[in-house]
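> Pasting a structure here, questions to come.
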Amino acid sequence: MDIYAGGAAAANDIRAGWALAGLFAYAKETGQDTEPGWQEDPTAIVTEVAGDLIASVFHVARRLDIDPDSLVSSAYLHFTEEVAEEAQEAAMEELEPCAHEASAMPTGALHRVRWAFSRVRRVFSRSA
C-alpha cells in the first residue's frame with residue numbers, strides 16, 4: 001500500500017485513521033468504550049485512551065529493557081518529519097501557479113527570476 005499516493009497530507013490522514021482504529025480497539029479491550037458519553041467527545045479518546053495506551057506501551061518497553069523516553073523521542077521525530085513533509089508539499093503547491101505566471105511574463109529573464117524569488121520568500125515566510 002502506497003500511503004503517499006495522495007500526497008503527504010493524505011498519508012498523515014491515513015496514519016491518523018490507523019491510530020484511531022488502534023485507540024478504539026484498545027478502548028474496547030479495556031472496557032473504556034462502555035463509559036458513558038466517551039465517544040461524544042473526540043478529545044476524550046485522545047486524552048484518556050491514548051494516555052492509557054501509551055502507558056501500556058511503556059510497560060512493554062520496560063519489560064524489553066527499552067527506555068520509554070527513547071520511544072517518545074523516536075515517535076516525535078517521525079511526527080515532526082511527517083508534518084514537515086506535509087508543509088513542504090503545501091508550499092510547493094502554492095508556488096506552482098507562481099511559476100506559470102512568471103513564465104508568462106513578457107519582460108526579461110532577470111525580472112522573472114527576481115519576481116519568482118520574491119514569491120518564494122513570501123510563501124516560505126508564511127509557512128515558517
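FYI, it's all coordinate maths here, none of it is from the lab. In this text the structure is predicted, and so the values were computed from the model without any measurement. Because the Cβ atoms are built from the backbone with ideal geometry, glycine has one as well, and the counts that use them run over all protein chains shown.
> Once Rh is set to the Kirkwood radius over Cα pairs, what Stokes-Einstein translational diffusion coefficient, in µm²/s, holds for the stretch 1-66 at a temperature of 20 °C and a viscosity of 1.002 mPa s?
Translational D for this selection: 160 µm²/s.
> Using 7 Å Cα-to-Cβ label points, what is the residue 15/residue 44 separation (nm, one decimal)?
2.8 nm
> From the phi of every residue in the stretch 58-63, what ³J(HN,Hα) in whole Hz does the Karplus formula 6.51 cos²θ - 1.76 cosθ + 1.60 yield, where θ is phi - 60° and glycine or proline is x?
My calculation for the stretch 58-63 gives 4, 5, 4, 4, 4, 5 Hz in order.
> With the crude spin-label approximation of a point 7 Å out along Cα→Cβ, what separation in nm comes out for residue 80 versus residue 4?
So the two model labels end up 2.1 nm from each other.
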